[in-house]
Amino acid sequence: MKAFLFTAAALTTMAPALYAATPAPAEFVETAGASDAFEIDSAKLMTGSKNPAIAKFAASMVTAHTKSTKLVVAAAKADGLAPKTPALTLKQRADITALKAVPAGKTKDDLYVKQQKAAHEDALALMKAYAAGGSAAHLKAAAVEITPIVQMHLSAVSKM
């Protein structure tokens, strides 16, 4: 009976992750684009950090997310979509505003790391969901390609 209850509790907690809806192709492109735009915009604010690890990570985010944007846009076009210029979400705009408001130094670095962890967790969930159940072949292939890169970013920022 205890084993059954434990299993039932585990499945109940995992159910949202297992059954999360895969976004439609246009929604995936929009969300991935906003994610990349946020990563690039916030990283540009941090490339001058006095902390060499933060500055190096931020510079690599500009490069990596510029590349993933190009990959998703090309995949979207191959799948017959016309991707729009990405727009940051309200939360992403608020995070950028908060990051700009903090003076350079450890507090700003810590805020950047906190924001990056959350952003990469969201991006990883998006990429995994689309890689597993996406309906547009080229976008699905792009998500498969991008997923391990986002995982590496999350691992790196989690160690900061």
(request) Would you compute, from DSSP H runs of 4+ residues alone, the mean residue ellipticity of the chain at 222 nm, taking -39500 (n - 2.57) per run and dividing by the full residue count, rounded to the nearest 500? (result) -28000 deg cm²/dmol
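Calculate, in nm to one decimal, what Thr63 and Leu90 gain on full extension: separation in residues at 0.36 nm each, minus their alpha carbon distance.
That pair, Thr63 and Leu90, stretches by 7.3 nm at full extension.
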(request) Please turn the phi angles of the range 86-102 into ³J(HN,Hα) values with the Karplus equation 6.51 cos²θ - 1.76 cosθ + 1.60 (θ = phi - 60°), one per residue in order, whole Hz, x for glycine and proline. (result) x, 10, 5, 6, 4, 5, 5, 4, 5, 5, 5, 4, 5, 5, 5, 6, 8
(request) Work out how much length Ala74 to Thr97 would gain on full extension: take 0.36 nm times their residue separation and subtract the Cα-Cα distance, in nm to one decimal. (result) 5.3 nm
(request) Match the structure shown to one of the listed values (i) 16.4, 59; (ii) 17.4, 58; (iii) 20.9, 74 of Rg and Dmax of the Cα atoms in Å, computed from it, and give that label. (result) (ii)
(message) Apply the Karplus curve 6.51 cos²θ - 1.76 cosθ + 1.60, θ = phi - 60°, to the phi angles in the range 121-132 and return the couplings in whole Hz, x for Gly and Pro.
(response) 4, 5, 5, 5, 4, 4, 5, 4, 4, 6, 4, 7
(message) Show me, for the range 33-38, the HN-Hα J-couplings you get by feeding each phi into the Karplus relation (A = 6.51, B = -1.76, C = 1.60, θ = phi - 60°), rounded to Hz, glycine and proline as x.
(response) x, 5, 4, 4, 4, 5
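Values quoted throughout were computed directly from the atomic coordinates according to the rules given, and no laboratory measurement underlies them. The structure presented is a predicted model; accordingly, all values stated were derived computationally and were not measured.
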